[in-house]
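To start, the structure itself, in structure tokens.
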Amino acid sequence: MGQIVKILNELKPATVMVMVQALSAGLNVLYKLAADDGMNLRIIVAYRNLFATAVMVPLALIVERKRPKMTWTILVQGFLCALVGGSLAQNLYIESLSLTSTTFICAMTNLSPAITFIIAITIGLEKLAFRTMAGKAKVLGTVIGIGGAMLLTFYKGPQFNISTHIDLLPNGHHGTNSSHPPPTHHLLGALLAFVCCICYSVWMNLQAKMSQKYPCHYSSTALTCLFAAVQSVVFALCVERDMSLWKLGWNIRLLTVAYSGVFGMGVTFSMMAWCLRIKGPLYTSVFNPLVLVLVAIAGSLFLEEKLNLGTIIGAVLIVAGLYVVLWGKGKEMKKTSKLVPENEAVEVVVTSSLDANTPIISNDNSVVVGKDLPIK
């Protein structure tokens with residue numbers, strides 16, 4: 001029974017990250033539908049952060065009543081996390097999504113593990129250790145995953161049509177973005193997606209640093225959502241001053257901002273903050289390729305995007321790369337845990353300010369003075 005509990009605890013971070021990617025896949029589909037319906041992109045991001053703040057602040061106050069003291073360092077880290085991982089990254093992401101497609105933007109975001117790995121090595125959160133088997137596995141898995149993403153993006157091959165299609169927009173209305181974008185728009189979308197990957201990778205490392213000093217993932221997520229809400233609302237009001245664009249009805253727009261705020265940011269950021277504190281930025285980022293597989297399936301069902309041979313082969317390579325990195329990371333963590341065996345007693349030497357002649361009771365109940373204590 002104890003062995004089963006141990007296995008379940010070891011699988012918990014992976015299960016959490018799979019759930020994060022599933023929620024992110026749904027978010028990508030809703031983003032695209034809302035953009036095709038004509039909703040302003042900056043307003044989507046602003047509403048997302050507002051909904052996330054409304055959910056996460058009360059949750060943090062209720063669940064984490066005892067938390068470390070808030071310092072200026074934590075506030076600055078929270079502001080930067082909100083900027084690079086919230087308002088800036090989200091605006092870049094959704095703008096790129098509107099210029100390209102869900103499958104393309106998800107393929108581009110698979111550059112995040114490589115960028116995250118490089119940044120983590122630079123700031124000391126990860127070690128390359130290329131001479132070890134674990135280090136080679138992490139590098140090889142990252143390369144395989146990126147190769148699969150690139151194959152998925154640039155190679156199409158024969159198409160496979162899925163007969164079932166579910167239309168979530170009224171009267172089957174789709175904007176011009178659902179068609180193939182012009183080459184210039186596609187290039188701009190790729191550039192925005194690349195910058196978004198950099199912002200996302202920086203956020204993961206910042207969040208990992210923040211979790212070391214402030215290990216309260218609900219509170220840190222609430223702080224990030226609050227700062228991101230202020231930043232994104234100010235930006236949206238500066239760019240779009242027509243207040244009529246902010247109106248929501250009982251339609252795909254309300255569903256998109258509610259889902260993106262509660263699940264797309266509040267729930268997923270909390271899960272990722274927890275996983276970043278437990279496993280680190282590299283482990284968390286290597287799950288990104290899974291969202292590409294899920295979005296490729298969802299896109300064919302809801303957005304009439306065609307599956308092709310390149311998508312299938314690329315997805316297989318991405319998942320293979322994911323497992324290679326996870327294997328390397330697991331081997332590295334096992335090696336680290338063996339440095340201090342669980343059943344081995346550790347002798348702790350404590351220095352005392354007692355006078356040398358202060359009597360002390362030894363293990364055999366005899367009385368000795370400090371200067372007569374044996375040294376082992």
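The values are calculated or read from the model by the stated rules, or taken from the named source; none is laboratory data. What you see is a predicted model, and the numbers here were worked out from it, not measured in a lab. Glycine also receives a Cβ, built like all others from the backbone with ideal geometry; neighbour counts cover every protein chain displayed.
Quick notes on this one:
Here is a yes/no grid of residues against (1) buried (at least 20 other Cβ atoms within 10 Å of the Cβ); (2) modelled with pLDDT under 80; (3) of a type in the set (A, V, I, L, M, F, W, C); (4) more than 20 Å from A114 (Cα to Cα):
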position	(1), (2), (3), (4)
T256	yes, no, no, yes
S260	yes, no, no, yes
G280	yes, yes, no, no
T311	yes, yes, no, yes
G330	no, yes, no, no
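- The one condition from (1) part of a helix (DSSP H, G or I); (2) of a type in the set (A, V, I, L, M); (3) farther than 24 Å from Y323 by Cβ that L248 does not meet is (1).
- Looking only at the range 1-52, and only at residues there that are of a type in the set (D, E, K, R) and farther than 25 Å from W246 by Cβ, the one that is nearest to the chain's Cα centre (by Cα): K12
- Scanning the range 1-30 for residues that are touching a Phe, Trp or Tyr at 6+ places or on another chain (Cβ under 8 Å) and of a type outside the set (A, V, I, L, M, F, W, C) returns P13, Q21, G26.
- Verdict on I162 being at pLDDT 80 or above and either outside any helix (DSSP H, G or I) or within 22 Å of M108 (Cα to Cα) (or both): no
- Within the range 209-226, the residues that satisfy the criterion of being assigned to a helix (DSSP H, G or I) and touching a Ser or Thr at 6+ places or on another chain (Cβ under 8 Å) are M210, S211, K213, H217, Y218, S220, T221, A222, C225, L226.
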